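Everything below concerns the one structure shown next.
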Amino acid sequence: MAGRYDENPFEEEEVNPFADGGRGKASGQPKFSGGSFYTTTGSVPPAVNSRLSPLPPEPADFYNPTASVDIPLDSATDLKKKERELQAKESELKRREQEVRRKEEAASRAGIVLEEKNWPPFFPIIHHDIANEIPIHLQKLQYVAFTTLLDAKIWFLAIIYFISGVPGAYVLWYRPLYRAFRTESAMKFGWFFMLYMLHIGFCIFAAVAPPVVFRGKSLTGILPAIDLMGDHVLVGIFYFIGFGLFCLESVLSIWVIQQVYMYFRGSGKAAEMKREAARGALRAAI
């Protein structure tokens, strides 16, 4: 019979596997470790190293297959520099636009008209805009006057007449008439009448072309045409064409000055011009 103080074989023994070099309290007793029994007698089998080796690092584009684009720092700096330059240029353009607008407004308040050269379209040398600047009831008359300025007879003259004729006519009488219609200035009307009468006189004289002032046959009038028909028929025909164009120019010019004068008197500019002349004579006398 077992003794009173014998150990209970069914009592679980608390064993510290790490005490005394991994040995249990009672040597030789079977111990359970890692799913198998082993005795505490003898050396403990070496512990199994259950720690796994680390996985290799994943590539940068493992989760994002699209390769990233590296922008060099110097390229980003250049972009910012160009952006600043564009902003500076834009600010300068705005400043210039404001300056031009300010000058235009100041000129408009002062009564100064800024005329942009727009005619002829392929090489603008003068400002000409009948449709937008001349009153609609005077546009037809201005267009006819413009036709007399560009009449084809000018192209039959020698180069000296072309050089002095078209620019001279524009400066002397066409521009005064244009400005007179636009500004209703009596002085501009007076300047036009005086010089346009000279223009009509020259056209009539050229249509006849008497050998008085212009010696030879530089003017294509009726007298040189008759003289040339006997020896040079073809040249005489051209002279007759020139004579017809001078006659047409004279008729159109007479019609223009007549219509302008009727408008001038009907608008009261004639009386205004007389008053201005009277005041000028009075000032000169004083």
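Read-outs throughout are calculated quantities, based only on the coordinates presented, and are distinct from any laboratory measurement. Here the structure is a predicted model, which is why all the values come from computation and not from measurement. Neighbour counts are summed over all protein chains in view; Cβ atoms, including those assigned to glycine, are modelled from backbone coordinates with ideal geometry.
Going by what's in this entry, would MET197 be described as aliphatic (A, V, I, L, M), surrounded by fewer than 17 Cβ atoms within 10 Å (Cβ to Cβ) and farther than 26 Å from HIS127 by Cα? Considered against the rule, which asks whether it is aliphatic (A, V, I, L, M), surrounded by fewer than 17 Cβ atoms within 10 Å (Cβ to Cβ) and farther than 26 Å from HIS127 by Cα, MET197 comes out as no.
Per-residue answers, yes or no, for (1) surrounded by 15 or more Cβ atoms within 10 Å (Cβ to Cβ); (2) in contact with a helix residue (DSSP H, G or I) (Cβ under 9 Å, 6 or more places away or on another chain); (3) touching a residue at least 12 places away in the same chain (Cβ under 8 Å); (4) assigned to a helix (DSSP H, G or I):
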{"position": "GLY236", "(1), (2), (3), (4)": "yes, yes, no, yes"}
{"position": "TYR239", "(1), (2), (3), (4)": "yes, yes, yes, yes"}
{"position": "PHE243", "(1), (2), (3), (4)": "yes, yes, yes, yes"}
{"position": "VAL256", "(1), (2), (3), (4)": "yes, yes, yes, yes"}
{"position": "ARG265", "(1), (2), (3), (4)": "no, yes, no, yes"}
